[in-house]
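Written below as structure tokens is the structure these notes are about.
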Amino acid sequence: MPPSARVVGLECLRCHTVVDDPRGFAGCARCRREGVAVNLSVRLDLSPLAGLRPEALPSARRGLWRYAAVLPVAAERAVTLGEGATPLVHLERLGKRLGLPRLFAKDESRNPTWSYKDRLCAVAVSHAVATGARVITISSTGNHGASTAAYAARAGLPCVIFTLASVPETMKTLMQAYGAAVVACPTSESRWQLMREGIERLGWYPTSGFVVPPIGSNPYGIEGYKTIAWEIAEDLGWTAPDVVVVPSAYSDGLYGIWKGWAELQTLGLVKDTPRMIAAEPLGPLANALERGLEAPERVAGGTSAAFSIASPYGTWQGLAALKQSGGAGVRITDEGLFEAQRALGREEGLFVEPSAATSLTAVMQLAARKALDPEQTIIVVLTSGGLKDPGASRTWLPPVPDAPADFDGVLRVLREQYGLREL
């Protein structure tokens with residue numbers, strides 16, 4: 001068993017003030033007084049891991065907790081459902097069509113609640129238990145809420161979820177199925193305010209953000225996303241890809257994965273780090289980069305089939321990941337994400353929800369502009385499975401025809417309805 005990094009405290013990403021408060025969930029108070037909303041991040045002393053070699057990682061443990069040495073909670077105290085160890089899938093047909101022969105997908109739909117939120121929630125709820133939390137709470141439109149509910153159930157803790165009335169019934173069902181108390185609010189701002197009262201008045205433990213402007217989620221939970229970088233590095237023979245594309249709203253995954261790459265480089269386990277690309281429907285990070293802003297500003301709102309990441313707000317942590325990695329934000333259209341969703345399903349056998357398909361959408365848009373090097377290794381993070389929002393997929397799928405009584409009639413339907421000429 002390798003030694004573990006030491007938790008120093010929570011550090012502001014902007015002013016680098018270190019806060020010795022395990023409940024620093026509202027971000028940096030000093031920066032907020034200066035008018036900038038910034039999340040805190042777990043500061044680790046990596047010196048106990050100096051000289052760490054891959055063979056020192058526990059071979060008997062697979063998944064997220066294989067990398068417990070760089071997580072802020074001990075594996076022995078983990079609340080786990082077997083998260084992590086998701087496959088890195090070579091997208092050979094798609095890559096060939098796009099002129100990107102080294103295109104891969106990190107398929108996070110294989111996690112216990114079928115999304116990468118399980119990585120965040122496993123670590124956050126483990127920290128909650130370790131610090132004596134009595135109630136878990138979250139504001140969520142679906143995946144994060146379902147995952148929080150599942151891990152709270154695993155820990156034996158009650159869970160209160162503030163969602164939006166407009167979210168699909170599938171998501172509400174999934175959140176309630178794990179035993180959570182789910183209440184629907186009219187706006188994002190109203191759900192954040194109600195959640196904040198539970199945290200401040202009753203000491204509830206949050207797995208998501210709850211302040212305006214948003215800063216991102218629970219800093220301890222974001223550490224779980226680092227393991228995506230560790231798994232990719234290991235699958236690629238302890239090398240880094242050239243580009244990693246992540247669907248982004250408040251950029252917990254984007255920043256967490258980037259932090260993983262930075263720590264891997266610090267420890268000498270990879271030589272280089274990748275460019276991070278944020279795939280975002282409304283483009284607050286793209287806007288901030290284009291305008292040279294210190295912090296993202298609120299952009300115009302809008303609707304998107306990728307409703308869970310269609311936020312007009314960007315975050316400091318997301319912008320930091322893009323700036324530090326030399327990355328970019330890519331605005332996504334519904335037409336583009338449905339094209340990517342179809343392509344993944346029909347050409348590669350991967351069915352993901354619209355928000356997850358945005359990472360491939362960004363690659364398709366960049367490839368069309370000749371903005372990607374065909375020799376580079378490119379990873380798209382597919383964040384969640386397609387049955388999270390089946391209604392969105394039905395908008396581009398044809399009705400299922402009734403089968404005729406005779407087989408010749410069936411052949412005719414297959415040719416006319418599905419274009420299957422060679423049977």
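Numbers at a glance
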item	result
Residue that is surrounded by the most Cβ atoms within 10 Å (Cβ to Cβ) [pool: residues in segment 371-410 that are out of contact with any Gly (no Cβ under 9 Å at 6 or more places or on another chain), under 25 Å from residue 242 (Cβ atoms) and of a type outside the set (A, V, I, L, M)]	377
Residues that are over 15 Å from residue 221 (Cβ atoms), among the hydrophobic types (A, V, I, L, M, F, W, C) and in contact (Cβ under 8 Å) with a residue 60 or more places away in the chain, drawn from segment 69-93	69, 74, 85, 88, 89, 91
Pair list, Cβ < 7 Å and 6+ apart or interchain, from segment 139-166 residues that are closer than 9 Å to residue 121 by Cβ to residues that are of a type in the set (Gly, Ala, Ser) and part of a helix (DSSP H, G or I)	151/122
All positions within segment 320-370 that are surrounded by fewer than 19 Cβ atoms within 10 Å (Cβ to Cβ) and farther than 29 Å from residue 398 by Cα	323, 324, 326, 369, 370
Residues located in segment 155-201, provided they are in contact with a strand residue (DSSP E or B) (Cβ under 6 Å, 6 or more places away or on another chain), surrounded by fewer than 16 Cβ atoms within 10 Å (Cβ to Cβ) and in a loop (DSSP other than H, G, I, E, B)	165
Residue among 258, 238 that alone is at positive phi and not small (Gly, Ala, Ser)	238
Selection status of residue 375, among the acidic types (Asp, Glu), modelled with pLDDT of 95 or more, out of contact with any Phe, Trp or Tyr (no Cβ under 8 Å at 6 or more places or on another chain) and assigned to a helix (DSSP H, G or I)	no
Any pair with Cβ under 7 angstrom, 6 or more apart, that starts in segment 96-125 at a residue that is at negative phi and ends at one that is assigned to a helix (DSSP H, G or I) and of a type in the set (Phe, Trp, Tyr)	119/225; 120/225; 121/151; 122/151; 123/220; 124/220; 125/151
Verdict on residue 134 being farther than 28 Å from residue 393 by Cβ, basic (Lys, Arg) and touching a strand residue (DSSP E or B) at 6+ places or on another chain (Cβ under 9 Å)	yes
Complete set of residues in segment 92-119 that are small (Gly, Ala, Ser) and either out of contact with any helix residue (DSSP H, G or I) (no Cβ under 9 Å at 6 or more places or on another chain) or part of a helix (DSSP H, G or I) (or both)	95, 109
Counted residues, segment 3-47 - those being among the aliphatic types (A, V, I, L, M), in contact (Cβ under 8 Å) with a residue 60 or more places away in the chain and either in a strand (DSSP E or B) or under 20 Å from residue 295 (Cα atoms) (or both)	10
Scan of segment 229-286 for residues that are of a type in the set (Ser, Thr, Tyr), in a loop (DSSP other than H, G, I, E, B) and within 23 Å of residue 109 (Cα to Cα), ordered by number	248, 250, 251
Restricting segment 202-249 to residues that are among the aromatic types (Phe, Trp, Tyr) and surrounded by 24 or more Cβ atoms within 10 Å (Cβ to Cβ), the residue that is nearest to the chain's Cα centre (by Cα)	225
Yes/no for residue 134 being of a type in the set (Lys, Arg), more than 16 Å from the chain's Cα centre (by Cα) and assigned to a helix (DSSP H, G or I)	no
Residue that is farthest from residue 189 (Cα to Cα), among those in segment 138-176 that are within 20 Å of the chain's Cα centre (by Cα) and β-branched (Val, Ile, Thr)	170
Residue within segment 28-51 that is among the β-branched types (Val, Ile, Thr), modelled with pLDDT of 95 or more, within 21 Å of residue 220 (Cα to Cα) and in contact with a strand residue (DSSP E or B) (Cβ under 8 Å, 6 or more places away or on another chain) present	yes
For residue 295: the one exception among (1) assigned to a helix (DSSP H, G or I); (2) surrounded by fewer than 24 Cβ atoms within 10 Å (Cβ to Cβ)	(1)
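Condition check ((1) among the β-branched types (Val, Ile, Thr); (2) crowded, with 19+ Cβ neighbours inside 10 Å; (3) part of a loop (DSSP other than H, G, I, E, B)) across all residues:
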position	(1), (2), (3)
51	no, no, yes
59	no, no, yes
66	no, yes, no
73	yes, yes, yes
76	no, no, no
82	no, no, yes
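Let's see how each residue does on (1) within 28 Å of residue 107 (Cβ to Cβ); (2) touching a Phe, Trp or Tyr at 6+ places or on another chain (Cβ under 9 Å):
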site: 298; (1), (2): no, yes
site: 302; (1), (2): no, no
site: 306; (1), (2): yes, no
site: 312; (1), (2): no, no
site: 318; (1), (2): yes, yes
site: 331; (1), (2): yes, no
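The values are calculated or read from the model by the stated rules, or taken from the named source; none is laboratory data. Note that the structure is predicted; figures quoted are calculated from it, not measured. No Cβ is skipped: glycine too gets one built from the backbone with ideal geometry, and neighbour counts run over all protein chains shown.
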